[in-house]
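Quick note: the coordinates plus some simple rules give every number you see, no bench work behind them. Note that the coordinates shown come from a computational prediction; the quantities given were computed from them, not determined experimentally. Methodologically, a virtual Cβ is constructed for each residue, glycine included, from the backbone with ideal geometry; neighbour enumeration extends over all protein chains shown.
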Amino acid sequence: MKVATYNVNGINARLPVLLRWLEQTAPDVVCLQELKAPQEKFPEQAILDAGYQVVWHGQKSWNGVAILSRTAEITEVKRGLPGEPEDSPSRYIEAKINGVLIGCLYLPNGNPVPGPKFEYKLEWIERFKVYTAELIASGIPVILAGDYNIIPTELDAYKAERWVEDALFRPESREAFKALTSQGWTDAVRKIHPEERIYTYWDYFRNAYGRDAGLRIDHFLLSPSIVNQLAACGVDRDVRGWEKTSDHGPVWIQLEGY
DNA sequence: ATGCCGTGGAAACCACGA
């Protein structure tokens, strides 16, 4: 089973690129973030026509997450994190596919620091950590995929020294990512490529993609009950070079035995 | 070192992203 995550930066603006990538790479499961579309403006028919079942959690203007499944039936489990108010931004959706629980998240950016947005990021992370501890304790196979808006280490940023005051690289954010791995989650890309420079995001500005001035902020965390099935991973970075593309590239993992 | 670009939505600019 091949599982991908892709921050599309606007599902409707990105539809041609998304459909082309789906056709070329045919992932079995896809987690999408930053739909930037209300529930009723999600391009459901185009996704169905591409051969995918889909569940989504939309929102007017901002945020929004979706999970697509090509081969296996998809069953939505929840939308939003436990303990979140009903009208919270659409940043989490979860579904069961092929016996695996797939959590798709869009963690708050948190800039500028300090300020209410950074406070919100830290609050969101705390709620997330309480829930991820429950997931680990449950013992079921879980994949938490999405845009974490966290640069885990200096290896994950072009010129990390420029990011020390940024919400993506602040000690609180990095420690939160460490705390998740301490719970038992495994950073899939780092398990396979412990020391490589791998980026998943390149700014639209300053020819960042051309200079490979990127960040690694889109991640897969795997529960102990599925981590041994991890066989391969990668970033479809050529997609970042396409016309009318997102500032993120799709990231994927391959799991054996599913 | 910086929203210089991209998107959506409202309004002919602004909020937001990372």
Q. Relative to a virtual label point 7 Å from the Cα of A:Gln229 in the Cα→beta-carbon direction, which members of region A:79-111 show backbone nitrogen distances below 16 Å?
A. A:95-104
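For chain A, which longest stretch is free of loop sites, where a loop site is one of the GluC sites (Glu not before Pro) that DSSP puts outside H, G, I, E and B and that has at most 13 other Cβ atoms within 10 Å?
On the way: sites that count: A:Glu73, A:Glu86, A:Glu165, A:Glu195, A:Glu196, A:Glu243, A:Glu256.
Answer from the scan: A:87-164.
If you scale each eigenvalue of the Cα gyration tensor by 5 and take the root, what three semi-axes come out for region A:156-237, rounded to whole angstrom and sorted largest first?
Numbers: eigenvalues 119, 60, 15 Å².
Working from the Cα gyration tensor, I get semi-axes of 24, 17, 9 Å.
For A:Asn207 and A:Ala137, what is the calculated FRET efficiency with R₀ set at 30 Å and r taken between the beta-carbons, to the nearest 0.05? Walk me through the numbers before you get to the answer.
Values: r = 46 Å, r/R0 = 1.54.
It comes to 0.05.
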Q: Evaluate 2.2 N^0.38 Å with N set to the residue count of region A:1-55, then give the Cα radius of gyration divided by it.
A: 1.04
**Q.** Estimated distance in nm for a label pair at A:Glu256 and A:Asn12, the labels positioned 7 Å out from Cα along Cα-to-Cβ
**A.** 4.5 nm
Q: Considering the convex hull of the alpha carbon atoms of region A:2-255, report its projected area averaged over all viewing directions, in nm², one decimal.
A: 12.5 nm²
(Q) Can you give me the distance in nm between label points at A:Ser182 and A:Leu19, each placed 7 Å from the Cα along the Cα-to-Cβ direction? (A) 4.8 nm
Q | Spatially close lysines, pair count over region A:2-255: Cα under 12 Å, gap of eight or more or interchain | A | 4
(Q) Just to confirm my understanding: which cysteines in chain A have no other cysteine beta carbon less than 4.7 Å from their beta carbon? (A) A:Cys233
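How long are the semi-axes of the equivalent ellipsoid of region A:167-213, taking √(5λ) for every eigenvalue λ of the Cα gyration tensor, in whole Å from largest down? Display every interim value, and only then the final one.
Values: eigenvalues 127, 48, 10 Å².
Computed over region A:167-213, the values are 25, 16, 7 Å.
How big is the C-alpha Rg of region A:192-235 next to the rule-of-thumb value 2.2 N^0.38 Å, as a ratio? Let's see the in-between values first.
Values: Rg = 13.6 Å, N = 44, 2.2 N^0.38 = 9.3 Å.
Rounded to two decimals, the normalised Rg is 1.46.
So what is the relative contact order of region A:2-255, in percent, for Cα pairs below 8 Å that sit 6 or more residues apart? It would help to have the intermediate numbers written out before the result.
Values: 573 pairs, mean separation 49.3, N = 254.
It comes to 19 percent, rounded to a whole number.
Roughly what percent of Cα-Cα pairs across region A:133-204 reach past 16 Å? Write down the numbers at each step before the final one.
Details: 1400 of 2556 pairs.
For region A:133-204, the share of Cα pairs beyond 16 Å comes to 55 percent.
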